[in-house]
Amino acid sequence: MYKIRFTVACCLLFLFTKGQVVITGTVYDSTKTVPVKDVIIQSSSGVMAVTDSNGRYNILAGERDSLIFIYKNKPTLKFAVAQVPNSGIFDIALHIRVDEKYKRLKEVKVFTRSYRQDSAENRERYAKAFNYQKPGIKLSTNSYSGAAGVDLDELINIFRFKRNKQLKKMRQRLEEEEKEKFVDYRFNKSAVRRVTRLEGNELDVFMKQYRPGFEFTLNSEVVEFYQYILNASYEFKIIREQEVFIDTRFNKELVQMATGLVENDLQLFMKRYRPAYEFTKSSSAGEFHEYIMAAYSQYKERQSLHEAKTDSLNKKTVQPAVLPE
């Protein structure tokens, strides 16, 4: 018995010293948003794992192993473990379209119910504003004589201009709030982070810049909506890379050395005369320096004109003191 335990321990120790790694990730369908369960992951050394209901998996593999993903007896190409960039987040998308019943609906269902419940409570609370209609003259019937006449309440409401205007504005504001909440519900951080892989400040900036409109958010299908987010993330990342490139060439040290500007003047100049990406990329060092000096000359001229105008205004506003005779 001791020999058997010793042999098993040695085998385990041998495996882990041979560069074993745990690979974790999620398997999605072709939309890159819907997780796929029951996908078999098999390493070339014989270890197997299966994705759970959320498409997640963990598998132990050697550095020289390769992995294949099998779904409904159809295998993918082999993925070399040594070429996996991050063993903790190795997500893949299969070239299949899975019915959305496999999608993680828990938080969506809860959020949807919550959104609708909030909306219903909101409308109940402000029913007077939501049910507001522009007043007009209506006929009413006298309960005693049966004769028709003008509804006095409606007639009075016609002339309550301030009240009617306030109710109309309140209804419009509440409807706008509902629309914004619906966009927040679909365009939420969890979904955007999963599609774009953005984090922190970049995620916040992206969500502010590429927030979709209400009509598109309401009418778009799941695939169409996530495709918009994905395409927007590609554009966002390209623009960010361009901005970083401009910052690299048009940096404070270079501009200060060329112009002699400091502090507030330097910041104002760099903001006002920040070059475009195409020029920054294609211009030579000499051309780029000439651009900075030309911009600096223009900046000085504008500052001189501004100072002259300010002095002129100050002289006009200062009245000479008149001494009594």
Subset of segment 182-241 (residues that are at pLDDT 90 or above, surrounded by 12 or more Cβ atoms within 10 Å (Cβ to Cβ) and among the small types (Gly, Ala, Ser)) = 232, 233
Are there any pairs with C-beta distances below 7 angstrom linking a residue in segment 209-225 that is part of a helix (DSSP H, G or I) to a residue that is among the aliphatic types (A, V, I, L, M), with the two at least 6 apart or on different chains, and if so which?
-> 214/183; 217/183
Is there any pair linking a residue in segment 33-47 that is in contact (Cβ under 8 Å) with a residue 12 or more places away in the chain to one that is assigned to a loop (DSSP other than H, G, I, E, B) and crowded, with 21+ Cβ neighbours inside 10 Å, with Cβ under 6 Å and at least six apart or on different chains, and which?
-> 35/55; 36/29; 36/55; 37/51; 39/51; 43/65; 44/65; 45/65
With respect to residue 302, determine if the residue is farther than 30 Å from residue 185 by Cα, modelled with pLDDT under 95 and either of a type in the set (Lys, Arg) or not in a helix (DSSP H, G or I) (or both).
-> yes
State yes or no: is residue 198 part of a loop (DSSP other than H, G, I, E, B), in contact with a helix residue (DSSP H, G or I) (Cβ under 6 Å, 6 or more places away or on another chain) and not β-branched (Val, Ile, Thr)?
-> yes
Please tell me if residue 273 is surrounded by 12 or more Cβ atoms within 10 Å (Cβ to Cβ) and over 30 Å from residue 183 (Cα atoms).
-> yes
State which residue is surrounded by the fewest Cβ atoms within 10 Å (Cβ to Cβ) when the search covers only segment 37-55 and only residues that are modelled with pLDDT of 90 or more and among the β-branched types (Val, Ile, Thr).
-> 50
Taking the residues in segment 248-275 that are outside any helix (DSSP H, G or I) and in contact (Cβ under 8 Å) with a residue 12 or more places away in the chain as candidates, determine which candidate is nearest to residue 300 (Cα to Cα).
-> 261
Over segment 29-47, the set of residues assigned to a strand (DSSP E or B) and under 15 Å from residue 79 (Cβ atoms) is 40, 41, 42, 43
Which residue, of 248, 259, is surrounded by 13 or more Cβ atoms within 10 Å (Cβ to Cβ) and β-branched (Val, Ile, Thr)?
-> 259
Within segment 56-70, which residues are buried (at least 16 other Cβ atoms within 10 Å of the Cβ), within 12 Å of residue 28 (Cα to Cα) and without any contact (Cβ under 8 Å) to a residue 40 or more places away in the chain?
-> 57
Those residues that are surrounded by fewer than 15 Cβ atoms within 10 Å (Cβ to Cβ) and not charged (D, E, K, R), I need them from segment 167-181; list them, please.
-> 172
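The values are calculated or read from the model by the stated rules, or taken from the named source; none is laboratory data. On a predicted model such as this, the values are computed, not experimentally measured, just so you know. As a convention, Cβ positions derive from the backbone with ideal geometry for all residues, glycine included, and neighbour counts pool all protein chains shown.
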